Amino acid sequence: MSEREKILARVREALKAPAAMPGSHESSAGVPPAKLNAAGTAAPPLARQWLPKVGESFDERLALFQKNAAGLKADFQLFASRDELKTAIAKMSTAENWKHIASHQGELTDLISAAPGLAICFTDKNYDVHELEACDAGISECDALIAQTGTVLVTNRSAGGRALSILPPHHVVLARREQLVADLPAAFELLKQKYAANYPSMISFITGPSRTGDIERILVLGAHGPKRLTIFLI
């Protein structure tokens, strides 16, 4: 048997075992009865014993997310209304001289679809990938914001497909206050509740702009994706 055949044989063998659903590794399935609570479900994920602590109130989560986002070189702004959000996007568009942006249909993204003077490539419809590559920015919604790590959680269903959050040089995320969750276990639980057995084909945790330090340990932003990440919360 050649080395190639050996590798393929191991792959075929591994595929016989079904993969666990995201976030299900610490669910009640397979948990000894002594570790189940009165409702018959698993106790809080063991990961919370060693992950950084997060406050219980919204203000505590907001402050932590804002701090982590700043440390990751992501821009974060909180708005009181949708009008403030529209004004902020208009100012950003003017300051950065946007001509062509990418987006998708959604409760929040629809707010910018009527912006004058902007050509919009909608990625939840048929589109030309070369047009998407030429866009000045990509504006998407998300599934959640994770305070613990300053992370944006997106899926291909919530963020206009797979490419919108990757190809444009500036990714602008629009989120609602109720989408701010405490930690990674809460984010996985949200995915389970929202998508159940029909998980999206792409789940991505975006923690700051794209970056690499491969060359002489010098941090470079935008090496494998957007150079800028802006998060607007209303």
Within the range 73-92, is there a residue that is closer than 30 Å to ASP128 by Cβ, loosely packed, with under 12 Cβ neighbours inside 10 Å and modelled with pLDDT of 90 or more?
-> yes
Residue count, the range 91-109, condition of a type outside the set (Val, Ile, Thr) and within 19 Å of the chain's Cα centre (by Cα), comes to 7
Any residue in the range 82-111 that's in a helix (DSSP H, G or I): show its pairings with residues that are open to solvent by 90 Å² or more (accessible area, probe 1.4 Å) at Cβ separation under 8 Å, as long as the two are six or more apart or on different chains.
-> LEU111/ARG82; LEU111/LYS86
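Looking at ARG177, ARG217, ARG162, ARG211, which is the one that is under 16 Å from ALA102 (Cβ atoms) and charged (D, E, K, R)?
Working: ARG177 fails: under 16 Å from ALA102 (Cβ atoms); ARG217 fails: under 16 Å from ALA102 (Cβ atoms); ARG211 fails: under 16 Å from ALA102 (Cβ atoms).
Checking each option against the conditions leaves just ARG162.
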Kindly indicate which of ILE231, ILE146 is in contact with a helix residue (DSSP H, G or I) (Cβ under 9 Å, 6 or more places away or on another chain), among the hydrophobic types (A, V, I, L, M, F, W, C) and over 20 Å from ALA102 (Cα atoms).
-> ILE146
Restricting the range 166-178 to residues that are under 12 Å from LEU153 (Cα atoms) and in contact with a Cys (Cβ under 7 Å, 6 or more places away or on another chain), which is surrounded by the fewest Cβ atoms within 10 Å (Cβ to Cβ)?
-> ALA175
Residue that is nearest to ALA144 (Cα to Cα) [pool: residues in the range 48-72 that are open to solvent by 90 Å² or more (accessible area, probe 1.4 Å) and at pLDDT 90 or above] | GLN66
Enumeration of residues in the range 110-142 that are buried (at least 17 other Cβ atoms within 10 Å of the Cβ), more than 16 Å from the chain's Cα centre (by Cα) and of a type in the set (Val, Ile, Thr) = ILE112, ILE120, THR123
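Of these, LEU145, LEU191, which one is of a type outside the set (Gly, Ala, Ser), buried (at least 18 other Cβ atoms within 10 Å of the Cβ) and either at positive phi or modelled with pLDDT of 95 or more (or both)?
From the options LEU145, LEU191, the qualifying one is LEU145.
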In the range 51-81, what count of residues is obtained for those that are more than 20 Å from the chain's Cα centre (by Cα) and in a helix (DSSP H, G or I)?
-> 2
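The values are calculated or read from the model by the stated rules, or taken from the named source; none is laboratory data. Predicted, not measured: the structure shown is a model, and the values here were computed from it. For neighbour counting, all protein chains shown are included, and Cβ atoms are generated from backbone atoms with ideal geometry for every residue, glycine included. Accessible surface is based on the protein model in full, side chains and every heavy atom, while ligands, DNA and RNA are left aside. Shrake-Rupley method; radii C 1.70, N 1.55, O 1.52, S 1.80 Å.
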